[in-house]
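**Q** I am attaching a structure below and will ask some questions about it afterwards.
The values are calculated or read from the model by the stated rules, or taken from the named source; none is laboratory data. Here the structure is a predicted model, which is why all the values come from computation and not from measurement. Don't worry about glycine lacking a Cβ; one is built from the backbone with ideal geometry, like all the others, and counts go over all protein chains shown. To get the accessible areas, we keep the full protein, side chains included, count just its heavy atoms, and leave off ligands, DNA and RNA. Shrake-Rupley method; radii C 1.70, N 1.55, O 1.52, S 1.80 Å.
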Amino acid sequence: MNKVMIRTLAGCLSLTGLISQTLQAAESPQDPHTESKGFIAVGVGAFAGQGPFGDASAGLGYFINGAYEWDNGLFVEVPGGPNNILGSTSVGYNLYRNAHWDVDFLASSAHSGADTKYIQQDGSELRFTKNPTNYLGVRFRGIWSGLRFQLIATPKLSDDRGAYMSSQISKHWTIKNWHVFSAYRVNYLSGDMLNYYYGVNNTENNSNNRISGLPEYIASSGLSHSLHLGVTYPLTEHWLFDASLRYYHTPSAIVDSPIIQSNLARGDNRSRNALGLGLSVSYVF
Amino acid sequence: MHKFIFTLAFTGITLVHYPADASTPVTLTLSPQQCVALHQGEYCHSELTLHWQADTQGHYCLTQSNREQPLKCWQKTTAGTLTLALKFNQNVRFALQDNQQNTLASTQLTYAWVYNKSKNTRVRWRMF
């Protein structure tokens, strides 16, 4: 996630002074409490992962996780941490809500602006700076029969990169004070968008993914599948422990790219699909 | 002495009640003293240990708020321990009573949470 964007949005959340008072111990059962409109948390975590986009690695990191909705329906979400599966940083407007369903107008991103990297024969990296793919879309979220559903749809991504759709289903359990969940997500990724990041075009007047020696590649559309298992445990009113295991099935349209094929062969313990493990503690304000 | 009582009450470790006869203190301790739920209103599960001690032998009962029957009673003894598993979503008060149902000591199990109740899915769905 773009750290500058995270900091900016987190700053906005802080500066508006609208961070909710979410953490309170019960002085008495009858104490009235105002309804929470948001939260913000900062955390540190350890991760280990393997996939097609980078060398197998492990390390430490930090994150911000927060969300706030104003009374007029405008909201901002800065999801972060190992157990965030809500997606990317978003701003939007709540169009409709009842006890079970939410409909939001959403501005977010379908693909981050991370550089496309190509490992050359001598091991050095050739990088192509890539802009994020943003969208304006509609999000439906709801709970039905104990399952949580989310659908995001947009007919047009930024820079004419096609349409985008993301659907997700998740199930939650509470075992003692442990919260356990599993989530499955399918994303439709347009050929135009994948081509921007993973295509190879060696025409003379092209500066996008022009890599001599690689065959031309025009990516088709694809479906990505991801599975997420996670647990959260409240250590105190302020501290949370999270653990997560994620699996990402990379679409063939990405894996078949000569860039990715070459990186898989030359990179350090890369794999076609991605697997990640994360552990974190976070402080909720 | 008042300072001592205040200190104990403030730390929340042990609540001590001194009946009229100050020479017979009774202590009631609870461990753990707090249970934290992720969201306000959802049940918190806790394995509790309650321990009481008195200077004089007698008939003592341990009671729980919102429960008519005592949790356990002891006869002709000066100390007792009770362990129990509890599921709750509000503060719970425990008291040690004598056979006249006078409260000799009490302590509270605090119900706490991380996220307040909300209709807002941005909060409700925080933990997905």
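**Q** How long is chain A along each principal axis, judged by its Cα atoms, biggest number first, in Å?
**A** Principal-axis extents of the Cα atoms in chain A, largest first: 72, 39, 37 Å.
**Q** How big is the B-A contact in terms of buried accessible area, both chains counted, 1.4 Å probe, rounded to the nearest 100 Å²?
**A** On the way: alone 8360 and 15630 Å², together 20550 Å².
The buried area between B and A, both sides summed, comes to about 3400 Å².
**Q** Report the FRET efficiency, 1/(1 + (r/R0)^6), for A:Val186 and B:Cys73, where r is their Cβ-Cβ distance and R0 is 45 Å, rounded to 0.05. Before the final figure, lay out the partial values.
**A** Details: r = 60 Å, r/R0 = 1.33.
Computed FRET efficiency for A:Val186 and B:Cys73: 0.15.
**Q** In a shell of Cβ-Cβ distance under 15 Å around A:Gln261, excluding A:Gln261 itself, what net charge do Lys and Arg (+1) and Asp and Glu (-1) give?
**A** Working: positive: A:Lys117, A:Arg266, A:Arg270, A:Arg272; negative: A:Glu216, A:Asp256.
Residues near A:Gln261 contribute +2 overall.
**Q** At 222 nm, what helix-only mean residue ellipticity would chain A give, in deg cm²/dmol to the nearest 500, using -39500 (n - 2.57) for each DSSP H run of four or more?
**A** Details: 4 runs with 34 residues, N = 285.
About -3500 deg cm²/dmol.
**Q** Where Lys and Arg each count +1 and Asp and Glu each count -1, what net charge lies around A:Leu151 among other residues with Cβ under 12 Å from its Cβ?
**A** On the way: positive: A:Arg139, A:Arg141, A:Arg148, A:Arg185; negative: A:Asp102, A:Asp104.
Result for the local shell: +2.
**Q** Lysine pairs in chain A with alpha-carbon atoms under 22 Å apart, 8 or more places apart or on different chains: how many are there? Don't skip to the answer; put the middle values down first.
**A** Numbers: A:Lys3/A:Lys117; A:Lys3/A:Lys130; A:Lys117/A:Lys130; A:Lys130/A:Lys156.
Close lysine pairs found across chain A: 4.
**Q** Provide the FRET efficiency to the nearest 0.05 for the A:His238-A:Leu264 pair, computing r from the beta carbons and using R0 = 41 Å. Let's see the in-between values first.
**A** Working: r = 43 Å, r/R0 = 1.04.
E between A:His238 and A:Leu264, to the nearest 0.05, is 0.45.
**Q** Please compute, for peptide B:108-114, the average count of beta-carbon atoms on other protein chains lying within 10 Å of each residue's beta-carbon. Show your work: numbers first, answer last.
**A** Working: counts 0, 0, 4, 3, 8, 8, 14.
Taking all residues of B:108-114 together, the mean is 5.
**Q** For an R0 of 25 angstrom, estimate the FRET efficiency from the Cβ-Cβ distance between B:Thr83 and A:Ile175 and round to the nearest 0.05.
**A** Values: r = 20 Å, r/R0 = 0.82.
Result of the calculation: an efficiency of 0.75.
**Q** How much length is gained if the chain between A:Val44 and A:Ser167 is pulled fully straight, taking 0.36 nm per residue apart and subtracting their Cα-Cα distance, in nm to one decimal? Provide the component values of the computation, followed by the final result.
**A** On the way: separation 123, 0.36 × 123 = 44.28 nm, distance 2.86 nm.
This chain segment gains 41.4 nm when fully extended.
**Q** Taking a probe of 1.4 Å, how large is the accessible area per residue of chain A, in Å²? Please list the in-between numbers first.
**A** On the way: 14000 Å² over 285 residues.
On a per-residue basis, chain A sits at 49 Å².
**Q** Which parts of region B:76-97 would a label at B:Gln108 reach, counting a residue when its backbone N lies under 18 Å from a point 7 Å out along Cα-to-Cβ?
**A** From region B:76-97, the list is B:88-96.
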